[in-house]
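Following: one structure in structure tokens, then a few remarks.
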């Protein structure tokens with residue numbers, strides 16, 4: 001009961017400072033907010049609105065941090081209309097959850113009821129030294145414009161759900177990084193809990209690769225798919241999709257929107273294990289076109305009827321050609337299960 005009464009005193013001394021006509025008259029009430037809680041520093045109010053129908057005025061007090069996280073769960077109490085409630089010092093009222101961002105905001109509301117609508121009496125602010133301010137974004141971080149369905153930075157914008165370009169065939173994927181300490185002003189980050197996590201152009205393994213991130217990397221959540229199985233994220237200057245089961249959420253991501261996936265499907269390709277001859281037809285007696293290098297991937301454009309030969313794209317003497325190799329000499333990679341045409 002002492003905790004509730006203390007809260008009511010806080011409500012009382014706040015009431016007059018902002019909206020005296022709606023709820024109370026100010027008698028010089030004041031208070032402070034800090035990292036641990038809030039304290040009344042004197043003054044009183046006089047109650048004058050019967051919003052309960054029992055000749056009492058009911059109030060609710062609550063507090064949030066700069067990101068909207070509730071740091072003091074709402075408490076309601078009431079006093080007789082016409083009475084005076086005072087607060088003169090007293091113990092500090094502790095937050096029910098630790099704040100994460102500045103500013104700290106205390107709201108006092110006169111409850112709806114008995115023909116009265118809910119009315120904000122006062123909104124007071126404070127600071128917790130050492131906490132970041134919400135919405136002070138590091139340079140280069142994308143922000144979501146849901147009205148325009150765009151992502152934007154000071155370097156430009158892209159349609160929401162779009163990603164960085166797909167990694168070209170046989171090139172080293174970028175390994176972007178974010179410094180967790182530099183992202184302290186964000187309401188939430190996603191920590192990679194596996195090594196070599198793929199960032200893709202869409203919300204599934206069938207989409208193309210746009211980058212790879214190391215374990216422990218802090219990703220910026222920009223969006224998610226419908227069932228939260230994939231997150232739309234930023235790492236450095238790379239934007240892509242990361243699988244949710246390999247991410248640990250830190251902070252409050254309740255404001256992160258669902259966004260569309262605009263991914264590019266991965267085309268079938270084959271990894272060549274040994275140097276070999278590229279033939280003009282699915283037959284070793286056909287015309288050799290050139291020799292192709294091992295430890296490389298090549299796009300698959302077709303196969304013969306029993307899939308014992310694959311038709312691939314390769315460069316021979318500076319020209320892009322379609323040629324044939326025995327399927328057993330390579331490893332087919334087709335994560336999207338794209339139909340491979342019979343071209344023989």
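Length gained on full extension, residue 158 to residue 193: 9.8 nm, using 0.36 nm per residue less the C-alpha separation.
State the extension gain, in nm to one decimal, for the chain segment bounded by residue 145 and residue 317, taking 0.36 nm per residue of separation less the distance between their alpha-carbons. The partial results should precede the final answer.
Working: separation 172, 0.36 × 172 = 61.92 nm, distance 4.85 nm.
Full-extension gain reported as 57.1 nm.
Summarising the overall dimensions of segment 161-251 from its C-alpha atoms, the Rg and Dmax are 12.0, 38 angstrom. Size descriptors for segment 185-228: radius of gyration and Dmax over Cα atoms are 11.2, 34 Å.
Convex hull volume per residue, computed on the Cα atoms of segment 269-333, equals 72 Å³. The simple Förster model, with R0 at 30 Å and r as the Cβ-Cβ distance, assigns residue 276 and residue 214 a FRET efficiency of 0.30.
Name the shape class, rounded, prolate or oblate, that the alpha-carbon gyration tensor gives for segment 198-263, where a ≥ b ≥ c are the square roots of its eigenvalues, rounded holds for a/c under 1.5, and otherwise prolate holds if a/b is larger than b/c and oblate otherwise. Since a/c reaches 1.5 but b/c is at least a/b, the shape of segment 198-263 is classed as oblate. Which part of segment 291-308 falls in the paramagnetic zone of residue 170, meaning amide N under 20 Å from the point 7 Å along Cα-to-beta-carbon? Residues passing the 20 Å test: 291-303.
When peptides 318-326, 99-107 are sorted by average Cβ neighbour count within 10 Å, with the highest value leading, the order is 99-107, 318-326.
Rounded, prolate or oblate: which fits segment 216-344 when a ≥ b ≥ c are the square roots of the eigenvalues of the alpha-carbon gyration tensor, with rounded for a/c under 1.5 and prolate only if a/b beats b/c? Prolate, because a/c is 1.5 or more and a/b exceeds b/c.
How far, in nm, would the chain grow between residue 118 and residue 297 when pulled straight, counting 0.36 nm per residue and subtracting the alpha carbon separation?
Difference between extended and current length: 57.9 nm.
Readers should treat all values here as calculations from the given coordinates under stated rules, not as data from a laboratory. Being a predicted model, the structure only gives us computed values, none of them experimental. Note that each Cβ is placed from the backbone with ideal geometry, even for glycine, and that neighbours are counted across all protein chains shown.
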